[in-house]
Amino acid sequence: MFSKNFPVGLVFIVLVEFCERTCYYTFAGTQKTWLQEQGYSNSQSSSINLTWAEVCYVCCFFGGWLASTRVGIFRTIAGLSLTYALGTYLSAFAALPQVESTGLYLLGTFGLVALGSGGIKPNVCTMGANQFDPADPEAEQNRASFFLYFYLTINLGSALSHAFLSSWATSGVPGIGVDIEHGYFFAWMIAASLMLMAFLLFVGGKSSYRKAGKEDVEEEPVVQLFIQTLRQGSGSVWGKLAIFGWVLIPVFILVSIVNAFVESPALKAGAVAMAVACIGSLVIAHLKNPSWLPESDVRRCLDCVPLLLVGNLFFGILQSTISSVFQSQACQMDTRQDHTDFSFEGFQYSGDFFRLANPVTIVIGTPLLDRVVYPFVRKLTGKEVGIGFKVILGFGFAIGAQLVAASIEFARKSSPVLAVASHCAPMVDGEHVHMSGLNSFYMLAPYAMVGFGEIMVNPVLQHLAYEGAPASMKSLLQAFNLFAMGALPNGVASVISQALKSQVPNDLNQGNLPLVYFINGAIGVVGIFAFFVVLRYSPTRAGEASAKVAKSDAIDTEL
């Protein structure tokens, strides 16, 4: 897999990432359907699933902080990998037919799995990159190759979970004697065993890891510098507004988590108002950075905050549909493997199976854009492919996915309802909702379209975060970008899911799912407009970073 110039320790590090991503996407793709089995509604199970992803990304801050302490990056990854494995085993135990404990399950996923997944995420890639000695003249080239393998590993883990484990969870594996009742237990035990294997392999490879030298470590107390800089500007109106926005972030996270579990119109309204106030305050205040912040490394990071917030938030809301309403829709289409089998025991694909189109599209589309589309545009226009082209096209694909999904939903609702209950659909009157006659493979199209959008938007924002920060602040800004990419959009999408629950009832034939897609599409259009407004008025530093991004042809995206 690796060239002779690659350290042996990278094999163990990459295997940890493969196992972790397989495990993460197995839960991300089956959590919604299992909660529906326990009596949660279509919209609430989607909301809880999105909130869980939000908590995982929030835990990235804990993992990054822990690795920077005396615990160190090795012990952080090892300890949290074991925590992750224990959480998955606990969740699998909770899914046993004779147990079926929602409390134990949520303790496993929201407690241990989220802590392990989020805590590992910012450290595995960093430790892998640290295996190359900066003194080696080929270190930079080898590190770039490592990131490619690392990226492919992420997608391989994702593909494995969508292609097999999610459908095994909802339908069992009759060929080897795993019945439907034990499907979730079987799939989650595989995920748990993969994480335990990852822990053992990672610890077993300790002697092969290169210890990070001083040149690999950022010694400045970046968090303290960040807080100190905000305090220095607190005398300004804009400084007060910025502090208000930063303080609202943890409050919004807590409110969005509670909103996923507690039915309260006041809580929904409060969460929406809080999200608008938080994001609006941060964007407006940091667009005014030159008027209240002195020139500094922290200021350079904060200059990029408006663009990262707006781009990630609006695109993330569109992207969140792949783990919520797309899945709900696919589950009420004809998911049978054998279309002549009308028995409930027959094998059915999970709605999450069709999400396989997303990582496959990313793997195929990345070199296609990098080697064919972008060079063609450059040749045609005589200019580098700009950030505007990538963002508009990326948002366009994601918005188009909403419209395609809406058209499929119109076709599904006009199809006859079959006398077959869907394994992954919600429960109504003690029985799974029956599937419609339209083939569920049509859902591959919107899933793939979102994938194309991802490889155009996400790399731009990741690269912007890298170029916008000085060397001493790159980890801080990347951590914020990771939060803005994963936690914040999922938190907002969770609130939206609960607010629109009347349009997405347990039986979609009684709802208006196309309206949800049209609302999402409108949010995407607003996002394009907002991104370019912020880009136009961003401080000089962010503009310079954007210009550097526009000149780059490198494509790298992380699921």
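The values are calculated or read from the model by the stated rules, or taken from the named source; none is laboratory data. Keep in mind that this is a model prediction, so the values were computed, not measured. Ideal geometry is used to build each Cβ from the backbone, glycine not excepted, and the neighbour counts take in all protein chains shown. Ligands, DNA and RNA are excluded from the accessible area calculation, which covers all protein heavy atoms including side chains. Shrake-Rupley method; radii C 1.70, N 1.55, O 1.52, S 1.80 Å.
Work out the charge dipole of the chain with +1 on the Cβ of Lys and Arg and -1 on the Cβ of Asp and Glu about the Cα centre, then indicate which of Ile253, Ala275, Leu418 is farthest towards its positive end.
It is Ala275, whose Cα lies furthest towards the positive end.
How large is the dipole of the range 221-355 about the Cα centre if only Lys and Arg carry +1 and Asp and Glu carry -1, each at its Cβ, rounded to the nearest 20 debye? All intermediate terms of the calculation are to be shown ahead of the outcome.
Working: 8 positive and 9 negative charges, 174 e Å.
Dipole size: approximately 840 debye.
Report the net charge of residues surrounding Asn509, where surrounding means a beta-carbon distance below 11 angstrom and charges are Lys +1, Arg +1, Asp -1, Glu -1.
After counting each charged neighbour, the total is 0.
Would you pull out the residues with amide H under 5 Å of Val428's amide H, same chain only if 5 or more places away, H placed 1.01 Å from N?
Under 5 Å from the amide H of Val428: Val433.
So how do 341-354, 32-45 stack up, highest first, on mean other-Cβ count within 10 Å? Display every interim value, and only then the final one.
Values: 341-354: 20.7, 32-45: 22.2.
Top of the packing list down: 32-45, 341-354.
Tell me the carbon and sulfur percent of the accessible area for the chain, rounded to whole percent, probe radius 1.4 Å. Mind showing how you got there, number by number?
Working: 14300 of 21570 Å².
C and S fraction of accessible area: 66 percent.
Under 5 Å between amide hydrogens, which residues at least 5 positions from Leu418 or on another chain qualify, with H placed 1.01 Å from N in the peptide plane?
Correct list: Met435, Ser436, Gly437.
Taking the Cα centre of the chain as origin, sum charge times position over the Cβ atoms of Lys and Arg (+1) and Asp and Glu (-1), and report the length of that vector in debye to the nearest 20.
1400 debye
Any idea what angle helix 444-467 forms with the longest principal axis of the chain, computed on alpha-carbon atoms, 0 to 90 degrees, nearest 10?
So the helix axis and the longest Cα principal axis differ by about 20 degrees.
Residues with beta-carbon under 14 Å from that of Arg231, excluding Arg231: net charge, scoring Lys, Arg +1 and Asp, Glu -1? It would help to have the intermediate numbers written out before the result.
Values: positive: Lys240, Arg299; negative: none.
Cβ neighbours under 14 Å give a net charge of +2.
Pairing rule first: another cysteine's C-beta must sit under 4.7 Å. Under that rule, which cysteines of the chain stay single?
Isolated Cys, the chain: Cys19, Cys23, Cys56, Cys59, Cys60, Cys125, Cys278, Cys301, Cys304.
Would you mind checking Lys32/Lys413; Lys32/Lys288; Lys211/Lys288; Lys32/Lys268; Lys32/Lys121; Lys121/Lys390 for any pair whose Cα atoms are more than 32 angstrom apart? Working shown, then result.
Working: Lys32/Lys413 22 Å; Lys32/Lys288 42 Å; Lys211/Lys288 42 Å; Lys32/Lys268 20 Å; Lys32/Lys121 22 Å; Lys121/Lys390 26 Å.
Long pairs (Cα-Cα over 32 Å): Lys32/Lys288; Lys211/Lys288.
Hey, can you grab everything whose amide H is under 5 Å from the amide H of Ser350? Only 5+ residues off in sequence or another chain; H modelled, so Pro and N-termini drop out.
Long-range HN contacts for Ser350: Ser167.
Using the charge dipole of the range 407-487 (Lys, Arg: +1 at Cβ; Asp, Glu: -1 at Cβ; taken about the Cα centre), state which of Ala479, Met435, Leu464 has its Cα farthest towards the positive end.
Result: Leu464, furthest along the dipole toward the positive end.
Please give me the summed charge of the neighbours of Gln327: other residues whose Cβ is under 12 Å from its Cβ, Lys and Arg +1, Asp and Glu -1.
On the way: positive: Lys32, Arg355; negative: Asp352.
In short, +1.
Express the accessible area of the chain per residue in Å², computed with a 1.4 Å probe while the remaining protein chains stay in the model. All intermediate terms of the calculation are to be shown ahead of the outcome.
On the way: 21570 Å² over 559 residues.
Here the per-residue accessible area is 39 Å².
Could you state the principal axis extents of the C-alpha atoms in the range 420-521, from the largest down, to the nearest angstrom?
58, 26, 25
Cα axis of helix 265-287 to longest principal axis of the chain: angle in degrees, 0 to 90, nearest 10?
30 degrees
Charges on Cβ only, +1 for Lys and Arg, -1 for Asp and Glu, centred on the Cα centroid of the range 1-116; of Thr22, Gly72, Pro7, which one is farthest towards the dipole's positive end?
Pro7
Report, to the nearest 10°, how far helix 488-499 tilts away from the longest principal axis of the Cα atoms in the chain, using its own Cα long axis and a range of 0 to 90°.
With rounding to tens, the tilt is 40 degrees.
Taking the Cα centre as origin and putting +1 on Lys and Arg beta-carbons and -1 on Asp and Glu beta-carbons, what dipole magnitude results for the range 1-132, to the nearest 20 debye? Mind showing how you got there, number by number?
Numbers: 6 positive and 5 negative charges, 87 e Å.
So the dipole magnitude of the range 1-132 works out to roughly 420 debye.
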